[in-house]
Amino acid sequence: MARRSTQAPETWAEGVHTFPIQKGSLAALAKSGRSQGLTFSPVEWARLRAYFRSVARDPTDVELAAVAQSWSEHCSYKSSKIWIKRAFRGLNPPRRVLGTGDAGVLAFDEGYAYAIRAESHNHPSAVEPYGGAATGIGGILRDVLAVGAKPIALADPLFFGPIDGTSAKLPKGVRPARWLMSGVVAGIRDYGNRVGVPTVTGSVSFDPSYSVNPLVNVACLGFLPRDRLQPNRAHRVGDRLVLVGGLTGRDGIGGVAFASRELTERSEDESRGAVQLGNPIMKEPLIHACLEAFDRDLVRGVKDLGGGGLAAASGELVYAGGFGLSMDLDLVPLRESGLLPWEIWISESQERMILDVRPEDLEALLGIFRRYDVPATAVGTVTAGPDEEILWQGLPAAHLRLAFRVDPPLLTRPRRRRAAPKGRAPKVPDDGVGALAEELLLAPDSVSRESIVRVYDHAVQGRTVILPLQGHIDSPSHGDASVLRPRPESWRGIAATVASQPWACREDPARGAEWTVEEAARNLYAVGARPDALTDCLNFGNPEDPLVMGDFVATVDGLAKAAKALGLAVPSGNVSFYNEGLGVAIPPTPVLFGTGLLTDLRQAVTSDFKQVGDPLYLVGRTSPALGGSLYARRRDLRGISIPPTDAPYLRRLGERLLGTMARGWVRAAHDVSDGGLAVALPEMAFGGKMGFQAQLDATGLFTPGVALVAEGGSRWVVEVGADAARAFEHAMRGLAVRRLGEVTERGGEFLWGPKLLDTLDLEQLYPRWQAGLDAVGRR
């Protein structure tokens with residue numbers, strides 16, 4: 001019979017040390033703990049002391065190390081879980097959402113499902129951009145694999161400080177944004193390409209608020225037969241816990257604790273060991289071995305080893321099933337000798353999974369992994385609980401009540417609502433609209449991302465039908481979403497996109513969040529997909545700041561409100577707090593990875609112009625509000641209202657637009673977002689190697705300047721075949737649809753009524769725009 005945690009063992013294992021917790025003040029405990037890398041709050045130290053006084057002993061270093069990981073924000077969601085559950089309740093009906101574990105699983109058709117998940121690797125990438133970004137990709141692949149899905153696509157929304165020379169002198173310990181971006185992109189490139197999963201969508205944004213703490217968010221789309229869906233919980237007492245994948249080393253130790261505090265000027269030196277080392281060459285056979293084991297029904301439950309390592313994954317796996325565990329750390333395969341037991345227990349070494357396997361299936365499972373040359377070792381057993389017992393050299397190293405470790409109390413932190421914007425709308429000059437359009441088009445947030453997209457393999461696996469770059473092969477431009485064909489025997493497709501509006505959220509977190517959801521939906525509608533689901537990565541500053549928590553709650557409420565109005569499921573997500581340091585905090589940055597379904601992907605639409613003479617339509621209402629817009633950002637205009645949102649109306653527009661696409665009337669569509677018409681129209685022209693004539697007064701606004709740069713509300717520019725124009729107008733009657741102009745042979749013309757305001761030389765502009773981020777700040 002397992003020893004109860006209320007009893008102290010007669011002898012702890014050699015190499016295991018105890019931490020005196022019974023005496024002294026909480027302040028003294030906290031000071032002593034900090035010297036050993038333990039950053040518990042005073043309330044948490046009090047809870048630890050009460051527990052160990054109840055069992056009449058001091059904790060071991062193995063126990064405290066595991067508790068520190070499990071109680072971190074990264075693992076426990078202790079500051080956010082209450083608000084997330086409240087906001088998203090009821091958005092995931094069982095007929096559509098088949099699972100909400102390590103990744104959200106949604107119905108695709110009668111026999112198949114798809115999985116989505118987003119994650120952050122912000123702090124590691126600030127310290128070591130290549131390794132931090134690469135292991136971010138490795139982790140998100142495991143999240144999707146852990147529900148039984150084969151990863152089929154990746155996304156990479158990225159945020160850095162300015163690269164155009166406008167930033168002030170960087171604080172000590174902070175690297176230049178261009179250097180960070182180069183390392184991050186290389187890490188994503190090398191890991192994704194080598195493991196054989198295409199990167200099909202993403203974004204790169206710049207703002208001074210990301211200078212100290214860049215954001216490296218990643219997302220993954222997986223695909224699976226419905227009967228392969230894996231639970232993230234243990235199945236029964238007596239099952240074996242099998243560790244599969246990479247060997248365990250000293251990398252990534254304390255990674256989640258590092259990610260749950262602010263960055264400092266010493267972070268690069270002090271926390272480099274918290275960054276994991278990726279190995280995509282191990283990940284690829286690990287994926288294949290796991291999928292074969294799933295298909296042969298040899299696995300009863302699974303968790304990936306990410307933040308908190310073996311301690312977090314195994315504890316969460318068995319606790320979710322209502323069990324306990326017994327584990328022998330001597331059995332864990334090591335990459336190097338000399339690791340202490342606490343290091344083995346919380347190491348975040350990559351490419352590892354923990355599997356729940358029936359004893360009678362163990363040999364068959366080990367045989368599969370031997371064939372793929374992937375390490376697999378039975379290291380523990382599922383017990384009746386409620387305790388976990390960790391052994392080292394045949395003696396106890398840790399013995400805790402599992403619920404105490406993996407399920408800490410949730411917090412309701414103080415919060416303060418952000419004041420509503422009260423600034424006056426800026427005046428936009430009406431003369432020189434051509435120069436203004438050129439400025440916005442060549443801004444760092446607008447120029448071509450081709451130099452980044454081209455280093456990613458976005459076609460491996462042969463499923464990508466609509467690519468991230470769209471248009472002529474020698475003049476590609478930006479699209480709104482990519483489209484994949486998961487099953488070669490079916491024309492049913494999945495569209496994938498990303499969306500973020502941190503500048504709008506900085507002005508009004510709730511409405512900015514709604515706007516972000518609307519942007520994701522617009523991107524999906526633009527390629528002919530019906531929006532189906534979102535997964536989010538919620539990036540915020542220090543949750544101990546009431547304003548940050550107020551922003552967080554408002555953002556979550558805004559996301560849920562818009563998702564509900566658009567009929568979107570939100571089956572998974574991630575929260576990343578403490579994204580600040582050295583006096584610089586990020587704005588509220590909810591990042592969305594959105595998916596939509598196409599009944600027939602042969603009806604998908606791209607953004608590039610197709611035919612000279614085709615009419616152009618502006619679909620949607622135009623708002624003059626410029627808060628959060630690219631025009632306002634480039635002039636550092638803050639405190640002004642953002643455009644109104646109307647998700648129900650967007651849904652009406654989108655559904656009607658899908659009907660016209662299904663009839664083949666729409667030849668091109670592009671959502672109007674950053675930079676307004678000043679950016680959307682040239683992007684469409686670039687891809688088609690054509691031009692445009694646009695009536696800015698079609699926006700319904702009173703001044704040409706605002707009409708050019710306005711970004712709201714939810715709108716698209718749509719090219720319709722000339723012979724289908726009347727039918728399109730009839731189908732869209734009763735909605736905000738106006739004739740904007742037409743596709744021309746070359747050049748861009750902006751008109752106001754009969755008056756020609758200005759022109760763009762698109763042939764001269766394209767090479768400058770295509771030079772992209774490599775040329776920013778170097779012209």
**Report entry** Centroid-to-centroid separation of region 501-532 and region 32-108 [C-alpha atoms, Å]
**Finding:** 30 Å
Query raised in the report: Which lysines have a Cα lying under 26 Å from the Cα of LYS610, excluding residues fewer than 8 positions away in the same chain?
Result: LYS689
Query raised in the report: Plugging the Kirkwood radius over Cα pairs into Stokes-Einstein for region 345-405, at a temperature of 25 °C and a viscosity of 0.890 mPa s, what D comes out in µm²/s?
Result: 176 µm²/s
Requested in this report: Could you estimate the translational diffusion coefficient of region 588-747 from the Stokes-Einstein equation, with Rh from the Kirkwood formula over C-alpha pairs, at 25 °C and 0.890 mPa s, in whole µm²/s?
Outcome: 151 µm²/s
Query raised in the report: Taking every eigenvalue of the Cα gyration tensor of region 484-613, multiplying by 5 and rooting it, what semi-axes result, largest first, whole Å?
Result: 33, 15, 13
Query raised in the report: Over the Cα atoms of region 320-362, how large are the radius of gyration and the largest Cα-Cα distance (Dmax), in Å?
Result: 12.7, 35
Report task. Measure off 7 Å from each Cα along the Cα-to-Cβ vector at ASP164 and LEU701, then give the distance between these two points in nanometres to one decimal. Result -> 1.9 nm
Query raised in the report: By average Cβ neighbour count within 10 Å, what is the ranking of 417-424, 298-305 from highest down?
Result: 298-305, 417-424
Report summary line: Rounded to whole angstroms and listed largest first, the alpha-carbon spread of region 158-228 along its three principal axes comes to 55, 21, 20
Query raised in the report: Hey, what's the Kirkwood Rh for region 1-148 if you take every pair of different alpha carbons, in angstrom?
Result: 19.2 Å
Query raised in the report: Which whole-angstrom value gives the distance between the alpha carbon centres of region 571-588 and region 177-222?
Result: 16 Å
Report summary line: One can check that the equivalent ellipsoid of region 292-366, built from the alpha-carbon gyration tensor with semi-axes equal to the square roots of five times its eigenvalues, has lengths in Å, largest first, of 22, 15, 12
Query - PHE108 accessible area, assembled protein chains, probe 1.4 Å, Å² - result: 10 Å²
Query - For THR645, residues with placed amide H under 5 Å, excluding near neighbours - result: none
Requested in this report: Give me the Kirkwood hydrodynamic radius of region 61-106, using the inverse of the mean 1/r over all pairs of distinct Cα atoms, in Å to one decimal.
Outcome: 12.8 Å
Requested in this report: Beyond 12 Å, what share of the Cα-Cα pairs of region 270-333 is found? Please give it as a whole percent.
Outcome: 78 percent
Report task. Calculate how large, on average over all directions, the projected area of the Cα convex hull of the chain is; give the answer in nm² to one decimal. Result -> 31.5 nm²
**Report entry** Hull volume in cubic angstrom per residue (convex hull over the Cα atoms of region 360-470)
**Finding:** 338 Å³
Report summary line: In degrees, nearest 10, the alpha-carbon axis of helix 647-662 is tilted away from the dominant principal axis of the alpha carbons of the chain by 70 degrees
Report summary line: Counting only protein heavy atoms and leaving out ligands, DNA and RNA, the solvent-accessible surface of HIS730 at a 1.4 Å probe, in Å² to the nearest 10, equals 110 Å²
Report task. Would you compute the Debye intensity of region 687-779 from its alpha-carbon atoms alone, equal scatterers and no solvent, and pass along log10 I(q)/I(0) at q = 0.15 Å⁻¹ to two decimals? Result -> -0.75
**Report entry** Mean ellipticity per residue at 222 nm, deg cm²/dmol - from DSSP H runs of n ≥ 4 across the chain, formula -39500 (n - 2.57)
**Finding:** -9500 deg cm²/dmol
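How high is the relative contact order of the chain, in percent, with contacts defined as C-alpha pairs under 8 Å that are six or more residues apart?
For the chain, the relative contact order is 15 percent.
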Query raised in the report: In whole Å, how far is the Cα centre of region 374-441 from that of region 682-755?
Result: 41 Å
Report summary line: Sorted by chain and number, the residues with a modelled amide H under 5 Å from that of ARG667, at a separation of 5 or more or across chains, are GLU719, VAL720, GLY721
Report summary line: Tilt, helix 61-70 to longest principal axis of the chain (alpha-carbon atoms), in degrees rounded to tens, equals 20 degrees
Report summary line: Once all protein chains are kept in place, LYS172 shows an accessible area at probe 1.4 Å, nearest 10 Å², of 150 Å²
**Report entry** Stokes-Einstein D for region 644-716, Kirkwood Rh over Cα pairs, 10 °C, 1.306 mPa s (µm²/s)
**Finding:** 117 µm²/s
Requested in this report: At a Cα cut-off below 30 Å, give the lysines reachable from LYS78, other chains included and same-chain residues fewer than 8 away excluded.
Outcome: LYS23, LYS31, LYS303, LYS561, LYS564
Query raised in the report: Between GLY202 and residues 5 or more places away or on another chain, which pairs have amide H atoms under 5 Å apart, with H built 1.01 Å from N, and which residues are they?
Result: ASP156, VAL498
Query raised in the report: Given N residues in region 95-146, what is Rg(Cα) / (2.2 N^0.38 Å)?
Result: 1.43
Query raised in the report: Under the Kirkwood approximation for Rh and a Cα-based Rg, what ratio Rg/Rh is obtained for region 419-520?
Result: 1.08
**Report entry** Whichever aspartates and glutamates have a C-alpha closer than 13 Å to that of LYS283, once near sequence neighbours (fewer than 8 apart) are set aside
**Finding:** ASP143, ASP190, ASP304, GLU351, ASP373
Query raised in the report: How far is helix 677-688 tilted, in degrees, relative to the longest principal axis of the Cα atoms in the chain, given as a value from 0 to 90 rounded to the nearest 10?
Result: 90 degrees
Query raised in the report: For region 405-415, in order, what is each residue's ³J(HN,Hα) by Karplus, 6.51 cos²θ - 1.76 cosθ + 1.60 with θ = phi - 60°, in whole Hz (x at glycine and Pro)?
Result: 7, 9, 10, x, x, 7, 10, 10, 6, x, 9
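The values are calculated or read from the model by the stated rules, or taken from the named source; none is laboratory data. All values derive from a computational prediction rather than experimental measurement. Neighbour counts are summed over all protein chains in view; Cβ atoms, including those assigned to glycine, are modelled from backbone coordinates with ideal geometry. The area values use the complete protein model at the heavy-atom level, side chains included, leaving out ligands, DNA and RNA. Shrake-Rupley method; radii C 1.70, N 1.55, O 1.52, S 1.80 Å.
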